[in-house]
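The structure under discussion appears below in the form of structure tokens.
The values are calculated or read from the model by the stated rules, or taken from the named source; none is laboratory data. Quick caveat, the model's predicted, so the values are computed rather than measured. When we count neighbours, we look across all protein chains shown, and the Cβ atoms used for this are built from the backbone with ideal geometry, even at glycine.
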Amino acid sequence: MTDLEVDLSAVDLAAPEHRADPHPVYRAMRAFDPIFASTSEERSYLLTGFAECEAVLRDPRWSSDPTHQAPTDAEVDVRTAMRFSDAHLLLFIDPPDHTRIRKLMSKAFTPRTVERLRPKVQALVDDLLDGVQERGSVEIVSEIGYTVPVTVICEMLGVPVSDRELFGPWSSDASRLLDGVLDEETTNRGLVGAMQIIDYLGDLIEQRRGDPQDDLLSALVHAEVDGARLSEEELRLNTLLLFVAGHETTMNLIGNGMYALLRNRDQFDRLRADSTLIGTAVEELLRFDGPVHLSGRIATADIEVNGHAFEAGDSAITVLAAANRDPARFTDPDRLDIGRDQGPHLTFSYGIHYCLGAALARLEGQVVINSLVQRFGAMDIVTDPVTYREHFVLRGLKELQVSV
């Protein structure tokens, strides 16, 4: 089916048939109207143009707080229910609470602080790839994409690295809660996964209260900004967020990124011949098939975006993956070009909710992807086509088995 033949009368972006390649639908939507009215909820809009998405994400009148949403007959999802309980999770709050909590958490994720981790990350990756070389094959998503970032975030927070394998199923289930209204079984698994992580981290938090260590968790427990500390609930919820976001998205970046390079062999060979391209290569991989698919905002006032009038309470779903393939912003956007230099993508969002861990994700992506490409020039995909995870907000492969 061509882009022009895509049926937009009842678009379900999360449908399995769109999971492998959602871009024909996005192109059709953008051609029809880059601000597309959802059929399921008339006050909800899907934004697929770069200019439109950027305008919403940069404007503080667009809120991440679900309580601003206009009343509807739609089923309340976990995110909304949590916000109505006054839980201060960084993803779903506005200033001043957002400013206060982010300030307490941000010091560990500045580019300068993160860059100091590069030698440690490189040593970890080198050790893993030594084992890969001996075996002659590797499943990139679980063996590399999961192991590297979860080890790093464990060490940063002070979680024993020996426990890292506990968190894979828990965080995978918990991150599904970002997808909104889900079936009962998936919702329950997500809630159980989140509580398992919170309970585990809660025990560590109590230890750090009485016996601070040189780690991020101790810093968060005892940190103050203008005399204010994180409440117990804020500490537990946002430590959960740091932990899950600290490895789920980077795992997807590594899996999606290596798959894109192996499917575009000229770009794989180009990077292998010139490792100095790794910085722009990771940015292009983030643009081309990023680990975060979309982000939602709610209008807190009547706002106009590129000629479209939104009313207070309207929802805008900024489809980041679509914006990053907008031909009005990027030349030949469906082509992978690791030397592309056309300004920033929207994968890490924009404005006050710009990804807190962007510098860490970039560093880990650079080290892992460059090390794989430089070490294994004969790398090839064993099973293709690949299968994507059921997640929608977070986009990533279930596995990527390769020979080396």
Worksheet item: Does T347 count as among the β-branched types (V, I, T), assigned to a loop (DSSP other than H, G, I, E, B) and more than 16 Å from the chain's Cα centre (by Cα)?
Response: no
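A quick yes/no check of all residues on (1) modelled with pLDDT of 95 or more; (2) within 22 Å of the chain's Cα centre (by Cα); (3) surrounded by fewer than 22 Cβ atoms within 10 Å (Cβ to Cβ); (4) among the hydroxyl-bearing types (S, T, Y):
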{"site": "D199", "(1), (2), (3), (4)": "no, no, yes, no"}
{"site": "Q213", "(1), (2), (3), (4)": "no, no, yes, no"}
{"site": "S218", "(1), (2), (3), (4)": "no, no, yes, yes"}
{"site": "T239", "(1), (2), (3), (4)": "no, yes, no, yes"}
{"site": "H247", "(1), (2), (3), (4)": "no, yes, no, no"}
{"site": "N256", "(1), (2), (3), (4)": "yes, yes, no, no"}
{"site": "D269", "(1), (2), (3), (4)": "yes, no, yes, no"}
{"site": "A281", "(1), (2), (3), (4)": "yes, yes, no, no"}
Item to complete: Can you run down the residue pairs with Cβ atoms below 8 Å, 6 or more apart or on separate chains, where the first is in segment 110-135 and over 16 Å from I369 (Cβ atoms) and the partner is among the aromatic types (F, W, Y)?
Response: Q133/F376
Response to the item:
Scanning segment 36-59 for residues that are at pLDDT below 95 and in contact with a His (Cβ under 9 Å, 6 or more places away or on another chain) gives Y45
Discussion item. Quick check on segment 112-148: of everything there that is among the hydroxyl-bearing types (S, T, Y) and assigned to a helix (DSSP H, G or I), which residue is surrounded by the most Cβ atoms within 10 Å (Cβ to Cβ)?
Written reply: Y146
Worksheet item: How many residues are within 15 Å of T48 (Cβ to Cβ) and either touching a Cys at 6+ places or on another chain (Cβ under 9 Å) or of a type in the set (A, V, I, L, M, F, W, C) (or both) if we restrict to segment 286-323?
Response: 11
Practice prompt. Answer yes or no: is there a residue in segment 67-74 that is at pLDDT 75 or above, within 18 Å of R297 (Cβ to Cβ), assigned to a strand (DSSP E or B) and not hydrophobic (A, V, I, L, M, F, W, C).
Written response: no
